[in-house]
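Here's the structure, in structure tokens; my notes come after.
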Amino acid sequence: MYELIPLPLSAGILAQYGGAEGLRKELAALGCQGVEAIWAGEPVPEEFPRSLAVGWHLTFFTDWLDLYREDRAMLEEKYGTLEEARRFYGGLGADYVLEVYRADLERARAMGAKYVVFHVSDVSIEEGYTYRWRHTAEEVIDTAAEVVNTLFQGAEGGPDLLLENLWWPGLTMTDPALTGRLLDRVDYPKKGLMLDTGHLMNANRDLTTQKEGVDYIHRMLDAHGSLCRYIRGLHFHQSLSGAYVRDHTGAVPSGLPRDSVEQYGVNYRHIQKIDRHQPWTVPEAASIVERLQPDYLTHELAADSPAARREATLRQRRELGGS
């Protein structure tokens, strides 16, 4: 099993670790073998060791279904005009969405990543506050399968494709029928699942303790039965945010900025309060890893510095029997 940390591939982030050699030493100190990389919107630093990019989290739009369909009515409702939508996204339509994904998939292949992660979810800023969904899980799943089938058409080799759950419409890992629907529709021999434990906890706002979270995850795995064999990777963290969700969802806040970019910034902070990315600190969490025996485990923990990431990662690894 590869143990990894998430890392945006920017010159600034690499400099925080003291360059490539410093990153290697830090990973060794953490007991990790590499990173799950994500494109930082700039050229990948030349000094970044390609061998460390074990995984690659593909870029994603949280609210992409209407963009992909170029649904004029929905885009104008959200952004006022199509031009504003184009300004916010950088383009419009299926061809644009596929172009963005193809470019990032090529980066992953160039780095030699063993797997790539694809979010199967769709949520608008409005929905992130109201929790009233405009699209069904089936719509999101079927269209996501269409996208990945186009991207991987004819590909036999290449990286594993790991489909990640969230708590919005799409793949949630709470309904085996929907999980099976997605896997049935994706036509790529190296497909699998990336189970995000915190995202699964976010799907149940009644959880109040980490132990309850562990038990809930096991119940969902029990329900999935033989489908669990597709779980090749874990995004490992815990998230207990039910109280926040009950208090801060149901309606769009009155003070939300009108500008799309400013709205996104405010909404991002809201999402961070739902999706906590905190380390597991109970020994029962190890049972999830023991049960699934994943090929890849990413310690996907909230941290604003290498020192904070080190503290969180080592805390979590101790519960797994690491140093």
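The values are calculated or read from the model by the stated rules, or taken from the named source; none is laboratory data. Predicted model only: the values in this text are computed from it and were never measured. Using ideal geometry, Cβ is built from the backbone for each residue, glycine included, and neighbour counts are taken over all protein chains shown.
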In the stretch 79-133, residues that are farther than 18 Å from ILE271 by Cβ, part of a strand (DSSP E or B) and of a type outside the set (Val, Ile, Thr) total 2
Picked from the stretch 110-159 (must be among the acidic types (Asp, Glu) and within 19 Å of VAL186 (Cβ to Cβ)), the residue nearest to the chain's Cα centre (by Cα) is ASP122
Does MET111 qualify as being in contact with a Lys or Arg (Cβ under 9 Å, 6 or more places away or on another chain), touching a residue at least 24 places away in the same chain (Cβ under 8 Å), surrounded by fewer than 19 Cβ atoms within 10 Å (Cβ to Cβ) and of a type in the set (A, V, I, L, M, F, W, C)? no
Picked from the stretch 294-323 (must be closer than 19 Å to ILE231 by Cβ and under 20 Å from the mean Cα position of the chain (by Cα)), the residue surrounded by the fewest Cβ atoms within 10 Å (Cβ to Cβ) is ASP295
Would you mind stating whether ARG310 is closer than 19 Å to TRP167 by Cβ, in a helix (DSSP H, G or I) and in contact (Cβ under 8 Å) with a residue 12 or more places away in the chain? no
When (1) under 20 Å from the mean Cα position of the chain (by Cα); (2) modelled with pLDDT under 95 are applied to SER10, the one that fails is (2)
By my count, helices (runs of 4 or more DSSP H) wholly in the stretch 169-277 with at least 3 residues that are touching a residue at least 12 places away in the same chain (Cβ under 8 Å), more than 22 Å from ALA145 (Cα to Cα) and not basic (Lys, Arg) are 197-202, 210-224, 242-248, 260-274
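Farther than 21 Å from ASN165 by Cβ and of a type in the set (A, V, I, L, M): which single residue out of ALA15, ALA37 fits that description? Full working, then the answer.
Numbers: ALA37 fails: farther than 21 Å from ASN165 by Cβ.
So the residue among ALA15, ALA37 that is farther than 21 Å from ASN165 by Cβ and of a type in the set (A, V, I, L, M) is ALA15.
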So, first residue acidic (Asp, Glu) in the stretch 137-157, second residue in a loop (DSSP other than H, G, I, E, B), Cβ within less than 9 Å, six or more apart or across chains; the pairs are GLU138/PRO169; GLU139/ASP122; GLU139/PRO169; GLU156/PRO189; GLU156/LYS190
